[in-house]
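The values are calculated or read from the model by the stated rules, or taken from the named source; none is laboratory data. A quick note: this is a predicted structure, and the numbers were derived from the prediction, not measured. Here Cβ is always computed from backbone atoms with ideal geometry, including for glycine, and neighbour counts include all displayed protein chains.
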Amino acid sequence: MVDRSTLRAAPLQAGFGAALLFAAMAALPTVALAQSAAPAPKPAAPAAAKPAAPKPGEAKPAAPAEGEAAGPAQLQPGQPNPWVKLCSKDGQNRDVCLIAQELRTDEGQVVGSVAVREIAGDPKKILLIAVPPLNLIQPGLRVGIDKGKLEEGKYTICFPNACYAEMAVTDAFIATMKKSQVLVVRTLNMQEKQQPYPFGLAGFKDAYEGPGLDPNAPPPGTGASANQQQLQQELEKRADEARAKLTNQPKP
């Protein structure tokens with residue numbers, strides 16, 4: 001059983017959150033990431049400052065209303081952005097971008113991932129979700145931002161190591177992600193108990209509005225490290241395996 005107290009955000013790396021997510025959802029033709037695979041160290045939480053007592057006659061600051069966002073989450077100084085933006089061309093030569101994050105334990109085990117998928121010229125935006133198996137399939141899952149309304153997502157396919165779901169999202173949903181604290185995916189396990197998977201939204205706005213990495217671009221002759229090349233090969237291998245499972249064809 002996963003200890004959720006040790007979950008942390010991480011950029012998309014080798015694992016079901018990367019290779020199978022891309023292959024199962026047909027988001028990109030090839031899965032590769034020219035980015036260092038070293039997991040980001042968990043930043044130390046800053047000491048909470050004790051709020052000053054209000055002066056006599058001074059009004060206390062109002063608490064956020066129920067359902068109201070607490071304000072945009074901020075990355076700590078020196079903290080790597082857990083969100084990564086990948087862009088490539090689909091079969092119709094359209095730009096396809098994924099803004100994604102993985103959720104890992106302190107031991108590096110991937111336990112979930114989310115990705116916003118956008119296709120140039122298509123107004124529809126899709127939130128792709130990967131969670132561990134052994135959840136109840138029929139109820140689907142729920143996605144909420146901070147204390148806002150829960151949205152429903154439906155599973156589309158399951159493998160022995162992960163299940164995948166998707167839900168259409170609006171521009172307003174994306175705008176809320178940019179200015180909020182956390183996106184939480186909730187599943188129901190076999191005992192009908194909710195299982196939350198929290199994805200911090202710090203850095204999402206920067207990744208969403210920034211340039212994307214091309215996962216299909218060959219690494220520069222002198223710019224790619226051995227770790228990057230190894231990561232690319234591993235992701236391509238996993239993507240091939242996932243495609244073979246989807247088509248019920250044995251690997252060549």
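Go through the residues of region 186-204 one by one and say whether even a single one is more than 21 Å from residue 104 (Cβ to Cβ), basic (Lys, Arg) and under 18 Å from the mean Cα position of the chain (by Cα).
Step one: filter region 186-204 for residues more than 21 Å from residue 104 (Cβ to Cβ), giving 188, 190-193.
This time we only want the ones that are basic (Lys, Arg), so: 193.
Still in the running and under 18 Å from the mean Cα position of the chain (by Cα): none.
Among the residues of region 186-204, not one is more than 21 Å from residue 104 (Cβ to Cβ), basic (Lys, Arg) and under 18 Å from the mean Cα position of the chain (by Cα), which makes the answer no.
Taking residue 141, is it on the phi < 0 side of the Ramachandran plot and out of contact with any Cys (no Cβ under 6 Å at 6 or more places or on another chain)? If you could, list the steps in order and put the result at the bottom.
Values: on the phi < 0 side of the Ramachandran plot: yes; out of contact with any Cys (no Cβ under 6 Å at 6 or more places or on another chain): yes.
It is true that residue 141 is on the phi < 0 side of the Ramachandran plot and out of contact with any Cys (no Cβ under 6 Å at 6 or more places or on another chain).
For residue 117, only one of the following conditions fails: (1) at pLDDT 95 or above; (2) over 19 Å from residue 208 (Cβ atoms). What is its number?
Unmet condition: (2).
Do we have residue 98 as in contact with a Pro (Cβ under 6 Å, 6 or more places away or on another chain), over 19 Å from residue 197 (Cα atoms) and either surrounded by 14 or more Cβ atoms within 10 Å (Cβ to Cβ) or modelled with pLDDT of 90 or more (or both) here? Explain how you work it out, then say what you get.
Values: in contact with a Pro (Cβ under 6 Å, 6 or more places away or on another chain): no; over 19 Å from residue 197 (Cα atoms): yes; either surrounded by 14 or more Cβ atoms within 10 Å (Cβ to Cβ) or modelled with pLDDT of 90 or more (or both): yes.
In short, no.
Quick one: count up the residues across region 111-134 that are closer than 16 Å to residue 186 by Cβ, among the hydrophobic types (A, V, I, L, M, F, W, C) and crowded, with 16+ Cβ neighbours inside 10 Å.
Result for region 111-134: 6.
Which one is surrounded by the most Cβ atoms within 10 Å (Cβ to Cβ), of the residues in region 145-184 that are within 16 Å of the chain's Cα centre (by Cα) and polar (S, T, N, Q)?
180
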